[in-house]
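Right, one structure below, let's go through it.
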Amino acid sequence: MSAGVGSSGAPVDEPILGWRIWRIAGSHLQAVVWGVIWEPQARFEARCEERPSSFWPSLGAPEPHQAPGRSCDCGVYAFTCREDAELLAREKVDGDVIALGRVSLWGRVIEAERGFRGQYAYPYDVTLLGGSAQLARRIRSEYAIDVDHAPAVTPLHHGSG
């Protein structure tokens, strides 16, 4: 566990770095699960989108809270290990141009099963898997972050056999 990160959700003193993936939409980073565009040069703020359960409507939605919630799954997710982000890329992204990279989390940060959930986030650096060198330059310019380019998705470590 990183210093200052735990289950309490107290704000961290220094940003926490984790790994995640994004789809590329035009020249923007887009969340793979929710499809939200991460705006260039603006912090991304997590918001709880929990709704009442259709399976158990009597349970209702959780009490309104600031993300990430201790008793909720909300927050910006980041893995501790690059390999976990690569695995997610293989499972969720089929033929899309993606960015694999590190993300800074700050504000309230809670330890999650294989990483962290944060209140605020911004890409730290990414490797563009697929796409063109020109697209990598545009993303670098718009987000003001380091962007490497790997023309094919081969950098993802596939199992042997």
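The values are calculated or read from the model by the stated rules, or taken from the named source; none is laboratory data. Computed from a prediction, not measured in an experiment: that's the story for all the values here. So basically every Cβ, Gly included, is an ideal-geometry build from the backbone, and we count neighbours across all protein chains shown.
Contact annotation: residue pairs with Cβ atoms under 7 Å, 6 or more positions apart or on different chains, pairing a residue in the range 106-132 that is aromatic (Phe, Trp, Tyr) with a partner that is surrounded by fewer than 17 Cβ atoms within 10 Å (Cβ to Cβ), are Tyr120/Arg43; Tyr120/Glu45; Tyr122/Arg43; Tyr124/Leu17. Somewhere in the range 23-42, is a residue surrounded by 16 or more Cβ atoms within 10 Å (Cβ to Cβ) and at pLDDT below 70? Within the range 23-42, not a single residue is surrounded by 16 or more Cβ atoms within 10 Å (Cβ to Cβ) and at pLDDT below 70. Of the residues Val103, Val97, Val126, the single one that is at pLDDT 80 or above, more than 11 Å from Trp19 (Cα to Cα) and either over 11 Å from the mean Cα position of the chain (by Cα) or buried (at least 20 other Cβ atoms within 10 Å of the Cβ) (or both) is Val97. Within the range 134-161, being on the phi < 0 side of the Ramachandran plot and at pLDDT below 95 holds for Ala150, Pro151, Ala152, Val153, Thr154, Pro155, Leu156, His157, His158, Gly159, Ser160. Take Ala78 and decide whether it is modelled with pLDDT of 95 or more, assigned to a loop (DSSP other than H, G, I, E, B) and either in contact with a Pro (Cβ under 8 Å, 6 or more places away or on another chain) or among the hydrophobic types (A, V, I, L, M, F, W, C) (or both). Against the criterion (modelled with pLDDT of 95 or more, assigned to a loop (DSSP other than H, G, I, E, B) and either in contact with a Pro (Cβ under 8 Å, 6 or more places away or on another chain) or among the hydrophobic types (A, V, I, L, M, F, W, C) (or both)), Ala78 does not qualify.
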